[in-house]
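Please read through the structure below; I'll follow up with questions.
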Amino acid sequence: MHPSVGSSTEESASLQPAISLCNDGQEVVLQGLDRRELRFHAVWLRYNCQCSDCVQPHSGQRLLESCHINPDTNIETASINEYGTELHLKWADSQHEGHVKLDFLKKHSYHGHKEPVSRDQANRLPSISYEEVISGDKGLLRWLQHINQDGMCLVKGAPTEMTTLMELVERVAPVQTTIYGKLFGVESTPNPINVAYTSVKLDYHMDLVYYESPPGLQFLHCIRFDDCVIGGENYMLNVSAVAERFRRQHPADFDILTKVPATFQKIHFARSEPVKMKYQRPHINLNHRGEIVNVIWSPQFEGPLNVDYSDVQPYYRAYHKFSQAIKNDKNFIELRLVPGEILSFNNRTILHARKSFELNGGVRKLQGCYLNIDEYKSKLAVLAHLHGDDEEVKHVGNQCWF
């Protein structure tokens, strides 16, 4: 017999959470599950019913039709199965009977106030050997975890072959094709289609922010960097951490940068494949808890501001302060790549810059590529799960509200 509301035995009550229905069955309260009180709306439980009528068993895809779910639905009965693993439910209006696993409820509980999580990280550049990354999934997982924790990781000891980078990156997911192709060379060239293909200084920026979904991970493989080359060092800075500090110091300006959109663009007709791309968005994006889930910064690719008249002056004041905060932040990483090193970093949370350089008859040659942020996040989550770690992947800057 299943213990249910109003009929639980003393023995089952001591082993299982106590169940009660509130607000005429529109809420289910579980006392003692996960050592706390958890509340779930009847409609939330209906949408998350895990019975075979509601979820396709093999794919896990939802089968129910949203238009048929009453938002004011209520629960008629609720009980725990005899194994203590599932909450069995019957909805009053539809008489649908289904179940939801208790582990699922613990994992996805939304009851209770949650403070915004600060992700103010110190900048550090972990490293891993190329051999460890290619030796198996454990090394691959460790590399991806470093990027998730610190936003970047240096792979050391890689071959300097032109095929090495793609072979390594595609152990994670297919290389992302952009207007620069799959692979691109970073070296000083005549008639460049990008300022990166010169020897001039590059200020802090993200790549390709005029895309709806800018590349997630970026990789720079050092093929050659002669000792006679003066300059050319890279700088890395966690812009999400800068934004957290900026919020505390300049809350009103921070608020403006979350609401007034900037224009990001790449307009270049004088190239073999002409491009005209424009995208408007704020520099800082928040979720419902006030957590920073995305920061966009790329002054080199900003177009004319196109906003309400009253927003122009406040925006530029806030923009100027944030620009100064980025330029003056001391938590940066400086490094001079050596042949065989692959700098891997999250293009959605880490700004990169470069010193100008003089070749002096030498060569500075890097090879680069990008990886989709969501495919990276999926690979990390799958590898972590297979190795016994189901902790949620940290924010990666892809605007996801989790």
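Nearest-5 percent of antiparallel DSSP beta bridges in the chain? Before the final figure, lay out each step's value.
Working: 67 of 70 bridges.
Percent antiparallel among DSSP bridges in the chain is about 95.
In debye, nearest 20: dipole of the chain around its Cα centre with unit charges on the Cβ of K, R (+) and D, E (-)? Could you put the intermediate results ahead of the total?
Working: 42 positive and 49 negative charges, 326 e Å.
Its charge dipole is roughly 1560 debye.
Quick one: length gained pulling Q399 to L202 fully straight, 0.36 nm per residue minus the C-alpha distance? Intermediate results must be reported in sequence, preceding the final value.
Values: separation 197, 0.36 × 197 = 70.92 nm, distance 2.58 nm.
Between Q399 and L202, full extension yields an extra 68.3 nm.
To continue, here is another question. With contacts defined as alpha carbon pairs under 8 Å and 6 or more residues apart, what's the relative contact order of the chain in percent?
Working: 756 pairs, mean separation 81.9, N = 402.
Relative contact order here is 20 percent.
Taking H placed 1.01 Å from N in the peptide plane, check which residues at least 5 places from V260 or on another chain put their amide H under 5 Å from its amide H.
Here the answer is none, since no amide H 5 or more places off falls under 5 Å of that of V260.
Counting Lys and Arg as +1 and Asp and Glu as -1, each charge on the Cβ, what is the dipole of region 301-402 about the Cα centre in debye, to the nearest 20? Write out the running numbers ahead of the final one.
Values: 13 positive and 13 negative charges, 120 e Å.
Dipole of region 301-402, to the nearest 20 debye: 580 debye.
Also: Which residues' amide hydrogens lie under 5 Å from the amide hydrogen of L286, considering only partners 5 or more residues apart or on another chain, with H built in the peptide plane?
Hits under the 5 Å cutoff: V293.
Next question. Based on the Cβ-Cβ distance from H108 to K259, what FRET efficiency comes out when R0 is 45 Å, to the nearest 0.05?
Details: r = 30 Å, r/R0 = 0.68.
For H108 and K259, the calculated efficiency is 0.90.
Here's a follow-up. Using a simple charge model, +1 on the beta-carbon of Lys and Arg, -1 on the beta-carbon of Asp and Glu, nothing else, what dipole does region 10-107 show about its Cα centre, in debye to the nearest 20? Present the calculation step by step, with values, prior to reporting the outcome.
Details: 9 positive and 15 negative charges, 90 e Å.
Charge dipole of region 10-107: 420 debye, to the nearest 20.
Here's another thing I want to ask about it. If I fit a long axis through the Cα atoms of helix 373-386 and take the longest principal axis of the Cα atoms of the chain, what angle between them do I get, 0 to 90°, rounded to 10?
Tilt relative to the chain: about 60 degrees.
Just subtract the alpha-carbon distance of Y235 and N23 from 0.36 nm times their residue separation and send over the number in nm, one decimal. Spell out each step's value before the answer.
Working: separation 212, 0.36 × 212 = 76.32 nm, distance 5.68 nm.
Working it through step by step, the gained length comes to 70.6 nm.
With the chain treated as a Gaussian network of Cα nodes joined by springs under 10 Å, which of L33, L140, L366 yields the largest mean-square fluctuation?
Result for the chain, Cα springs under 10 Å: L33 fluctuates most.
Once the Cα atoms of helix 137-150 and of the chain are each reduced to a long axis, what angle between those two axes, in degrees from 0 to 90 to the nearest 10, is obtained?
Helix 137-150 sits roughly 80 degrees off the main axis of the chain.
Can you give the Kirkwood hydrodynamic radius of the chain from its Cα pairs, in Å with one decimal? Walk me through the numbers before you get to the answer.
Details: mean 1/r = 0.0409 Å⁻¹.
Hydrodynamic radius (Kirkwood, Cα only) of the chain equals 24.5 Å.
Separation between the D227 and H320 pseudo-spin-labels, each 7 Å from Cα along Cα→Cβ, expressed in nm?
4.8 nm
Right, next: Top mean-square fluctuation among D329, D203, D389, Gaussian network model of the chain, C-alpha springs under 10 Å?
In the Gaussian network model the winner is D389.
Also, quick follow-up: State which entries of K259/K355; K327/K355; K107/K259; K182/K377; K182/K327 exceed 22 angstrom in Cα-Cα distance in the structure shown.
On the way: K259/K355 33 Å; K327/K355 14 Å; K107/K259 32 Å; K182/K377 20 Å; K182/K327 31 Å.
Table pairs above 22 Å Cα-Cα are K259/K355; K107/K259; K182/K327.
Report the gain in length on full extension from E375 to L305: 0.36 nm times residue separation, minus Cα-Cα distance, nm rounded to one decimal.
Numbers: separation 70, 0.36 × 70 = 25.20 nm, distance 3.23 nm.
Length difference between fully extended and current span is 22.0 nm.
For C228, C153, C400, C49, what ranking results if the residue with the fewest other Cβ atoms within 10 Å of its Cβ goes first? Kindly include the intermediate steps, with their values, before the conclusion.
On the way: C228 10, C153 23, C400 14, C49 20.
With the fewest neighbours first, C228, C153, C400, C49 line up as C228, C400, C49, C153.
Once the Cβ-Cβ distance between N70 and Q149 is put in as r, and R0 is 30 Å, what FRET efficiency do you end up with, to the nearest 0.05? Working shown, then result.
On the way: r = 44 Å, r/R0 = 1.46.
The pair N70/Q149 has a calculated efficiency of 0.10.
Ok, one more. Under a 5 Å amide H to amide H cut-off, with H placed in plane at 1.01 Å, what residues pair with E37 once short-range neighbours are removed?
Here G32 satisfy the definition.
In degrees from 0 to 90, rounded to the nearest 10, what is the angle of the helix 239-249 Cα long axis to the longest principal axis of the chain?
Orientation of helix 239-249: about 70 degrees from the principal axis.
Of P190, Q265, G216, which is farthest on the positive side of the dipole of region 142-279, counting Cα position, with +1 on Lys and Arg Cβ, -1 on Asp and Glu Cβ, and the Cα centre as origin?
Q265
Name the cysteines of the chain that stand alone by the Cβ rule: no other cysteine Cβ under 4.7 angstrom.
C22, C51, C67, C153, C222, C228, C369, C400 - these cysteines have no disulfide-compatible partner (Cβ-Cβ under 4.7 Å) in the chain.
All of the numbers you see were taken from the coordinates with simple rules; none came from a lab. Since this is a predicted model, take the numbers as computed values, not measurements. Cβ atoms come from the backbone with ideal geometry, glycine included; neighbour counts cover every protein chain shown.
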